[in-house]
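Note sheet for the following structure.
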Amino acid sequence: MSNGSKYGYRGSFRFLGGISSGFFIVLLLCAMINLILINILPTIGIWLKIFGAAYMVALAIYIATSNPAKEAQPNSKSKRFATGFALQFVNLKTILYAITVFSVFIIPNYRDWYILTGFSTIFAITGFTAASCWALFGAAMEKAPTKYKRIANLLMGALLIYTAISVFFE
């Protein structure tokens, strides 16, 4: 969202491509790790669900209580493909998302590698679409008053809490 507000959608497109490519690789790695863990320790599934839901609640609280302050000045390195790609390997939210989605929703139902690769591809495409929407939303929100940014943060936090609760009612 911040790149979209700094550079517009076109200016952040290479960065979005890097994010999506890195996200795909992280998804594949987390699918592999989850599959190994579930096969070695079948009882770990409930703990992964609890961990994933707790993370979503913590993220919701952080988003809902964050202050929409001014961003730092843009620099050219923040819109490169390599920056977006590398960021996914240190982005805790990406890693926890991948672990959560595979351990809670996918691996309990599917364990074949071609299916896991297919889900990773679908999630990467969905991630690119979502990141593109964030970039467009960021470009639009740059012009919005701060009070609307606060409402958007509260709404996103509430939706994350709803998602965390729904994990236990599948």
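The values are calculated or read from the model by the stated rules, or taken from the named source; none is laboratory data. The model shown is predicted, which means the values in this text are computed figures rather than measured ones. Note that we place each Cβ from the backbone using ideal geometry, even for glycine, and neighbour counts take in every protein chain shown.
Considering region 54-84 alone, what residues qualify as being within 18 Å of the chain's Cα centre (by Cα), more than 25 Å from ILE25 (Cβ to Cβ) and at pLDDT below 80?
Correct list: ILE63, SER66.
Hey, LYS143 hits all of (1) at pLDDT 85 or above; (2) part of a loop (DSSP other than H, G, I, E, B) but one; which does it fall short on?
That leaves (1) as the condition not met.
Only one of ILE106, ILE125, ILE95, ILE36 is aliphatic (A, V, I, L, M), modelled with pLDDT of 85 or more, under 19 Å from the mean Cα position of the chain (by Cα) and surrounded by fewer than 16 Cβ atoms within 10 Å (Cβ to Cβ); which? Spell out the reasoning first.
Details: ILE106 fails: surrounded by fewer than 16 Cβ atoms within 10 Å (Cβ to Cβ); ILE95 fails: surrounded by fewer than 16 Cβ atoms within 10 Å (Cβ to Cβ); ILE36 fails: under 19 Å from the mean Cα position of the chain (by Cα).
Only one candidate qualifies: ILE125.
Could you list, ordered by first residue, the pairs with Cβ atoms under 8 Å in which the first is in region 87-106 and closer than 22 Å to LEU16 by Cβ and the second is at pLDDT below 85 and in a helix (DSSP H, G or I), at least 6 apart or interchain?
LYS93/LEU59; LEU96/GLY52; LEU96/TYR55
Does SER132 satisfy the criteria of being modelled with pLDDT of 85 or more, among the hydroxyl-bearing types (Ser, Thr, Tyr) and surrounded by 13 or more Cβ atoms within 10 Å (Cβ to Cβ)?
On the way: modelled with pLDDT of 85 or more: yes; among the hydroxyl-bearing types (Ser, Thr, Tyr): yes; surrounded by 13 or more Cβ atoms within 10 Å (Cβ to Cβ): yes.
It is true that SER132 is modelled with pLDDT of 85 or more, among the hydroxyl-bearing types (Ser, Thr, Tyr) and surrounded by 13 or more Cβ atoms within 10 Å (Cβ to Cβ).
With respect to THR100, determine if the residue is among the hydroxyl-bearing types (Ser, Thr, Tyr), in a helix (DSSP H, G or I) and at pLDDT 85 or above. Before the answer, list the steps.
Details: among the hydroxyl-bearing types (Ser, Thr, Tyr): yes; in a helix (DSSP H, G or I): yes; at pLDDT 85 or above: no.
So THR100 fails the test.
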